[in-house]
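Data block below; observations after.
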Amino acid sequence: IAHARDWATPLSLASASTKYAKTSARAWNSLCLYYYELGGGPTPKNPYLDKAIEICQQGVLAAPYSVTSLSNLIIFKSRKGLPTQADWKTLLHRLQYVNMGPENVQTASALMYNFENGTPLDEENTIKALDIISRRARFGPNELASVGNFILTQTRHPDAALPYYEKSLQMRSNDDQAAQLLLKQIEDTGHETLASKLRTRTLQRKPNTTQ
């Protein structure tokens, strides 16, 4: 009967999950997100944002093998204008050794999405986190191009997009149409010089097929 009460509502279910699976990253992150959504999500003056931050902080300590609660902690604290430098330091350190499963890799998309939608995330630390995730998760050409597009169009460090585009184009070496489409997209953002540099480097790396 006690367990039945634990699963009676979404909140009791989420709370019970952290009680019975105390080191579950998914359980803590679900409870954190429950309070965030309960207060209206990105709504200004979310009344449950402080509670979501508190739960995220507990999740960070309970599941050191994960970065889900940690990345949400940084996002939520940034929205409130709270200091996050220590949290970023922990995130960048943890990203070096956690398993790059789907939930941890999802941190890259979460950071980019929230940055693009106005959350005042630290720009340099966001770029550093994307660098670690993209390398350790072995991003494919599309994921690399997405990171490149984000850095190029959303940050003050467009040159930092170059290695992502370059690696993406290397992976597309057998698909000229996809490579040319990517270069055209870069040109359309007003970065013709970058596109030209990438086109030159791509041609230089192509094998000589002359007989």
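The values are calculated or read from the model by the stated rules, or taken from the named source; none is laboratory data. Remember, it's a predicted structure, so these values are computed and weren't measured experimentally. Ideal geometry is used to build each Cβ from the backbone, glycine not excepted, and the neighbour counts take in all protein chains shown. Ligands, DNA and RNA are stripped out before the accessible areas are found, and what is left, the full protein with its side chains, is counted by its heavy atoms. Shrake-Rupley method; radii C 1.70, N 1.55, O 1.52, S 1.80 Å.
It is to be established whether one or more residues within the stretch 55-70 are closer than 17 Å to Ile133 by Cβ and in contact with a Cys (Cβ under 8 Å, 6 or more places away or on another chain). Break it down into steps so the answer makes sense when it comes.
Within the stretch 55-70, the first condition is being closer than 17 Å to Ile133 by Cβ, and the residues that meet it are 65-70.
Still in the list and also in contact with a Cys (Cβ under 8 Å, 6 or more places away or on another chain): 69-70.
Looking through the stretch 55-70, at least one residue is closer than 17 Å to Ile133 by Cβ and in contact with a Cys (Cβ under 8 Å, 6 or more places away or on another chain).
Quick check on my filter: what residues within the stretch 44-78 are at pLDDT below 95 and charged (D, E, K, R)? I'd like the intermediate steps shown before the answer.
Initial filter on the stretch 44-78 (at pLDDT below 95): 44-45.
Passing the criteria: only Lys45.
From the list Lys89, Lys77, which residue is open to solvent by 30 Å² or more (accessible area, probe 1.4 Å) and either charged (D, E, K, R) or touching a residue at least 60 places away in the same chain (Cβ under 8 Å) (or both)?
Details: Lys77 fails: open to solvent by 30 Å² or more (accessible area, probe 1.4 Å).
Every option except Lys89 fails the conditions.
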Evaluate the stretch 114-124: report whether one residue or more is under 28 Å from Leu181 (Cα atoms), open to solvent by 40 Å² or more (accessible area, probe 1.4 Å) and out of contact with any Leu (no Cβ under 6 Å at 6 or more places or on another chain).
yes
Please enumerate the residues belonging to the stretch 1-41 that are modelled with pLDDT under 80, of a type in the set (A, V, I, L, M) and assigned to a helix (DSSP H, G or I).
Ala2, Ala4, Leu11, Leu13, Ala14, Ala16
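Confirm whether Leu194 is in contact (Cβ under 8 Å) with a residue 40 or more places away in the chain and open to solvent by less than 30 Å² (accessible area, probe 1.4 Å). Spell out the reasoning first.
On the way: in contact (Cβ under 8 Å) with a residue 40 or more places away in the chain: yes; open to solvent by less than 30 Å² (accessible area, probe 1.4 Å): yes.
Judged against the criteria, Leu194 is a match.
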